[in-house]
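Here's the structure, in structure tokens; my notes come after.
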Amino acid sequence: MDEMTTTMEQTLATAADPDAETERAGIEIRDLYKIFGPDAKHHIAAVKAGMSKDELNRKHRHVLGLQNINLTMPGGKITVIMGLSGSGKSTLIRHINGLIEPTVGEVLYGGDDVCRMSQTELRRFRRLKTAMVFQRFALLPHRTVLENTRYGLDIQGIPHSKSEPTAKHWIERVGLKGYARHYPAQLSGGMQQRVGLARALANDADILLMDEAFSALDPLIRMDMQAILLELQEELHKTIVFITHDLDEALRLGDKIAILRDGALEQVGTGQDIVLGPANEYVASFVRDVNRGRVIRAATIARARKPGEALPEMTVQGYLVLEKVARRMTNASATSAHVVGRNGKSLGVIDLPTLLGAIVTPVTADTDS
Amino acid sequence: MATTCWGLPEVICTFPAIDTTTMRETRRAIDTGFRGLVREWSDVIDATTAPLQTFLNVLERSFVGAPWVVVLAVLLLVVWAASRSWKTVLGAALAMIGIGWVGLWADTMVTLAMVTVCTVFAVALGLPVGILTARSDRVQSIVNPVLDVMQTLPSFVYLIPVVVIFGIGKVPGMIAVVIYAVPPMIRLTNLGIRLVDPEVTEAADAFGSSARQKLLNVQLPLALPTIMTGVNQTIMMSLAMVVVASMVGVGGLGRNVLQAINNQFFTIGFLNGFALVAIAIIFDRTSQAFGKRLQKHREAGHG
Ligand SMILES: Nc1ncnc2c1ncn2[C@@H]1O[C@H](COP(=O)(O)OP(=O)(O)OP(=O)(O)O)[C@@H](O)[C@H]1O
Ligand SMILES: [Mg+2]
């Protein structure tokens, strides 16, 4: 167990930043509260003193949207915000591009407080720094795929001669080559959301906000879209904020996951942190049925080599999830493998029995019962 | 008395009206006061209505004065451009030829000119007001009750203030028609904009649209089907009111109908009525087909 935690700490350092540092600025949310209602500011003190969402609604007819949010969304990474319906996910993501103003608190991006920007500054910020993908696509029905894709560029006043090649490029990148002249109504839901994604990417903004972007799609298409997003992110390294109420999606996409409940953050960490060490009963109930093989990384369960034990021939990367390690080991008919970090440093070894054990039984005793 | 009044006292039987002398005095005072006011402002009123008068005259003259072949060709071209349907064009051609054949061409041209001008004005007035109404709930709470009253007023009642202020003639008629025809335009523009999918307007905001960009790129195009319904209704109401406005001196088919009613000229009334119905149908079909054609992109399937 002790050994476990030490290796885990080691891992987090490596697994949390799989790639070279990017210079994108992160987003920092500080002491943010949002109360919906005509007299919101008035009730802040009560909420800070611990009044619950229910009580606020019952006594004062105000809705507590968000409370005491402190969250860093690292630049160039995917931060997933997870929570049940009504937990405040959409409210939170809309604070980042100023579609909603906080009752109190700050949203910092590169040293600027989004909440303090003037209308003009905010418009400029939205045009150049952010792009958004919507749950129900929000495409313009009277514009073709191409015209939809260059929408953000049109808004910026970029001439068509310049915006069309960009738009075409992104239409191809999301796999819609040949559909540029179609109207949204002629496309399936999955294809429409690809247009939504292309429109957001064409903007070349640092921040990509995705509010349940894949929730309206059926499972197979959804997996496709997740794959596309991950593939694009490999090279783009945007600062992505992704909202979902689906844990599997969160674990697949999230470099960092934040769990919201009734407007408050319950836990923030990597997928592995959350699955292996749920902070409370609520989070635990979320992660109970999760497929561990897809979450836990090789580095987490790598153990130190026993004295005299030979170094296995097979090498696996520490950031790989166990499912992938298992597949590779089975394919290579190996019973054990050498786990290395990004920098090639040895992290220990992994063998099939440990691997299987980690996939099927809870690694920490109280997660599963 | 008791037999008609169940033996009740007089006050309950006959309505206690103001006595005739007081009534007469009051009426006279108000009327002279008002007339004086109008007379005092008559220069201003004339100055404002003069350009309208000229505009109307020019348009009417060009409609009536142009050779009928040219007018017919232009009309059919417009119908074709809007509807893209040979059937509608053919129907319009037959109707217009029939109208000309029974000798109502000139009167029809007068009515057409009037309806065209009134519709243009009503749309030009209704669209911006509708947009403002959609932008602010406060404006809506003022505009809607006004529209409610306007739409419950019988069309004859519109003529009273117009005639008192502007007198009799084409321009007062036109003002009455525009006021009568503008409510559906305002209402449906407002409704159309308010019904635009909030997620799409949010997308426009999220990409940093200015209010103007949002209006032109998103709100108006998405509200267009509803707005076109408004235009269609405005045209229909203009046509209806142009007929009524013949009472205050608007010429054309409406005046013939009015004369036919007054003198019981059966055939003339019948023919003019038919001519009105025919243009109404042409207007309606054409504007509806145009509205539908704007919606082509909403159809699913590959095209
Ligand atoms: N404009 C508003 N006025 C009043 N209450 C609001 C408003 N917007 C959101 N809320 C409330 O704030 C809470 C959080 O809403 P939010 O839309 O952020 O939830 P969500 O997590 O995105 O849910 P979902 O998964 O259903 O989209 C809810 O209780 C909601 O009723
Ligand atoms: Mg939501």
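The values are calculated or read from the model by the stated rules, or taken from the named source; none is laboratory data. Predicted, not measured: the structure shown is a model, and the values here were computed from it. Cβ placement follows ideal geometry from the backbone for every residue including glycine, while neighbour counts extend to all protein chains displayed. When the accessible area is computed, the model is the full protein with side chains, heavy atoms only, and any ligands, DNA or RNA have been set aside. Shrake-Rupley method; radii C 1.70, N 1.55, O 1.52, S 1.80 Å.
Note on exposure: A:Arg143, A:Arg116, B:Arg285 ranked by accessible area (1.4 Å probe, complete protein assembly) read A:Arg116, B:Arg285, A:Arg143, with the most exposed listed first.
Rounded to the nearest 0.05, what FRET efficiency do A:Glu23 and A:Lys306 give with R0 = 56 Å and r taken as the Cβ-Cβ distance? Could you check? Taking R0 as 56 Å, the efficiency between A:Glu23 and A:Lys306 is 0.85.
Determine the residues within the stretch A:182-204 where the difference in accessible area between the chain on its own and the full set of protein chains amounts to at least 50 Å²; count protein heavy atoms only and use a 1.4 Å probe. Buried by the other chains: A:Ala185, A:Gln186. Helix B:155-166 and the longest principal axis of the C-alpha atoms of chain B enclose an angle of approximately 80°. Taking only the Cα atoms of the protein assembly as shown, the ratio Rg/Rh comes out at 1.16, with Rh defined as the Kirkwood radius. Accessible surface comparison of A:Asp154, A:Asp211, A:Asp31, B:Asp43, probe 1.4 Å, protein chains only, largest first: the order is B:Asp43, A:Asp31, A:Asp154, A:Asp211.
For A:Ala264, nonlocal amide neighbours, meaning residues 5 or more places apart or on other chains whose placed amide H falls under 5 Å from its own, are A:Gln67. Among the lysines, which fall within straight-line cross-link reach of A:Lys41, defined as a Cα-Cα distance under 24 Å, with same-chain neighbours fewer than 8 residues apart omitted? Counting by Cα, and skipping residues close in sequence, A:Lys41 has these lysines nearby: A:Lys53, A:Lys59, A:Lys89.
Total buried accessible area between B and A, probe 1.4 Å, nearest 100: 2300 Å². Hey, in the GNM for chain A with a 10 angstrom Cα cutoff, which one of A:Arg327, A:Arg288, A:Arg127 fluctuates hardest? Judging by the Gaussian network model, the answer is A:Arg327. Note on A:Ser285/A:Asp113: beta-carbon distance plugged into 1/(1 + (r/R0)^6) with R0 of 35 Å gives a FRET efficiency of 0.45.
Taking the C-alpha atoms only, the angle from helix B:42-65 to the longest principal axis of chain B is near 50 degrees. For the protein assembly as shown, A:Cys115, B:Cys118 stand unpaired, since no other cysteine beta carbon lies under 4.7 Å from theirs. Quick check: from the Cα gyration tensor, does the stretch B:55-302 come out rounded (a/c under 1.5), prolate or oblate? It is oblate, given that a/c is not under 1.5 and a/b is not larger than b/c. Given a 1.4 Å probe and every protein chain left where it sits, what share in percent of the accessible area of chain A is carbon and sulfur? Accessible surface attributable to carbon and sulfur in chain A totals 49 percent. In a DSSP loop and with at most 11 other Cβ atoms within 10 Å, the trypsin sites (Lys or Arg not before Pro) in the stretch A:163-227 are A:Lys177, A:Arg181.
Quick one: net charge of B:Arg39's neighbours, Cβ under 15 Å, K/R +1, D/E -1? Counting the neighbours of B:Arg39, the net charge comes to -3. Does chain A come out rounded, prolate or oblate by the C-alpha gyration tensor, with a ≥ b ≥ c the root eigenvalues, rounded set by a/c under 1.5 and, if not, prolate when a/b is larger than b/c and oblate if not? Since a/c reaches 1.5 but b/c is at least a/b, the shape of chain A is classed as oblate.
Distant-in-sequence amide contacts of A:Gly26, defined by a placed amide H-H separation under 5 Å and a gap of 5 or more residues or a different chain, comprise A:Gly75, A:Gly110. Counting only protein heavy atoms and a probe of 1.4 Å, the accessible surface of the stretch B:1-40 is 66% carbon and sulfur. Only Lys, Arg, Asp and Glu carry charge here, each on its Cβ (+1 for the first two, -1 for the last two); on that basis chain A has a dipole of about 1000 debye about its Cα centre. In terms of accessible area, using a 1.4 Å probe and ignoring ligands and nucleic acids, A:Ile296, B:Ile45 rank largest first as B:Ile45, A:Ile296. Our helix-only sum for the protein assembly as shown, with -39,500 (n - 2.57) per DSSP H run of n ≥ 4 divided by its residues, gives a mean residue ellipticity at 222 nm of -18500 deg cm²/dmol.
In terms of distances greater than 22 angstrom between alpha carbons, the cross-link table entries A:Lys256/A:Lys345; A:Lys177/A:Lys256; A:Lys256/A:Lys324; A:Lys238/B:Lys214; A:Lys77/A:Lys129 yield A:Lys256/A:Lys345; A:Lys177/A:Lys256; A:Lys238/B:Lys214. Note on B:Val69 and B:Trp41: their simple-model spin labels are 5.0 nm apart, each label 7 Å out from Cα toward Cβ.
The lysines within cross-link reach of B:Lys292, meaning a Cα-to-Cα straight distance under 17 Å and a gap of 8 or more places when in the same chain, are B:Lys87.
Computed from Cα atoms, the angle from the helix B:86-101 axis to the main principal axis of chain B rounds to 40 degrees. Solvent-accessible surface of the protein assembly as shown, averaged per residue with a 1.4 angstrom probe and all protein chains in place: 49 square angstrom.
Largest GNM mean-square fluctuation among B:Ile235, B:Ile142, B:Ile175, using chain B with Cα springs under 10 Å: B:Ile142.
A dipole drawn for the stretch A:210-277 from +1 and -1 charges on Cβ atoms has a positive end, and of A:Leu251, A:Met223, A:Val275 the residue lying farthest that way is A:Val275.
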